[in-house]
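A short worksheet on the structure shown next.
The values are calculated or read from the model by the stated rules, or taken from the named source; none is laboratory data. Please read all numbers here as calculations on a predicted model, not as lab measurements. Backbone-built Cβ (ideal geometry, glycine too); neighbour counts: all protein chains shown. Note: accessible area is taken over every heavy atom of the protein model, side chains too, but ligands, DNA and RNA are not part of it. Shrake-Rupley method; radii C 1.70, N 1.55, O 1.52, S 1.80 Å.
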Amino acid sequence: SKGSDWCMSFEIERKFLLERFPKKIIEKGNIQKVSVERIKQSYIAITKDEEVRIRHITNLFPKNKSAPKDKFVLTVKKDIESGYRVENEIEISKEIYNKLLKSSGFKPLVKKRTTLEMDDYLLEIDEYRDFNTIVVEVEFRNLIEMKNFIAPEWFGKEITGKKKYSNKTMWRKIQKKK
């Protein structure tokens, strides 16, 4: 049931700045589209190395037609080192999400996430609605894989650990625009 099962994982990733969405590269067929989602996220607590956030995730490209279109999640993250974090996540109800969002008084950061498979890697491309910014994150199974990864040319500049491109920083900018 919602609200009873915490899922803990380690987040090991590198992040790159894209000049444009790689539509032609995807069309070539070497990369498989896994999902497309609209994510609305807001933070309800932030410290130097920890964050608590809520998300409303809408599935825009359902492969499984019986899967729910909308999902609401509460996540707690703790930084270990650049590109490596502990993540605890739990699904919450729409009502709890709305109460937390309303009580915070904050405006959510909105992005479109396209998840792709390339070779043995999972890629997440985020297009930010309120910014002219597109990033790609590569998920890794371990730190050795992360350190040995050679990014394709189309990835652009590496921005792993650059605060300017973090979701928290972009979210804070949206709060200032209110």
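Listed by first and then second residue, the pairs linking a residue in region 158-169 that is assigned to a helix (DSSP H, G or I) to a residue that is open to solvent by 70 Å² or more (accessible area, probe 1.4 Å), with Cβ atoms under 6 Å apart and 6 or more places separating them unless they lie on different chains, are THR169/LYS163. Filtering region 14-54 to residues that are among the acidic types (Asp, Glu), open to solvent by 60 Å² or more (accessible area, probe 1.4 Å) and either part of a strand (DSSP E or B) or within 20 Å of VAL135 (Cβ to Cβ) (or both) leaves GLU19, GLU50. Residue pairs, Cβ under 9 Å, 6 or more apart or interchain, first in region 13-32 and among the charged types (D, E, K, R), second modelled with pLDDT under 90 and part of a strand (DSSP E or B). List them. Final answer for the pair search is GLU13/TYR84; GLU13/ARG85. Take the residues of region 146-157 that are part of a loop (DSSP other than H, G, I, E, B) and of a type in the set (A, V, I, L, M, F, W, C): which is nearest to PHE21 (Cα to Cα)? That would be ALA151. Annotation: ASN132 fulfils all but one of (1) in contact with a Phe, Trp or Tyr (Cβ under 8 Å, 6 or more places away or on another chain); (2) closer than 17 Å to TYR165 by Cα; (3) of a type outside the set (Ser, Thr, Tyr); (4) open to solvent by 40 Å² or more (accessible area, probe 1.4 Å); the unmet one is (1). Checking each residue in region 79-102 for being part of a strand (DSSP E or B), open to solvent by 40 Å² or more (accessible area, probe 1.4 Å) and over 18 Å from TYR165 (Cβ atoms) picks out ILE80, ASN88, GLU89, GLU91. Since ASN64 meets every condition but one in (1) surrounded by 15 or more Cβ atoms within 10 Å (Cβ to Cβ); (2) more than 18 Å from the chain's Cα centre (by Cα); (3) at pLDDT below 95, which condition does it not meet? Unmet for ASN64, out of (1) surrounded by 15 or more Cβ atoms within 10 Å (Cβ to Cβ); (2) more than 18 Å from the chain's Cα centre (by Cα); (3) at pLDDT below 95: (1).
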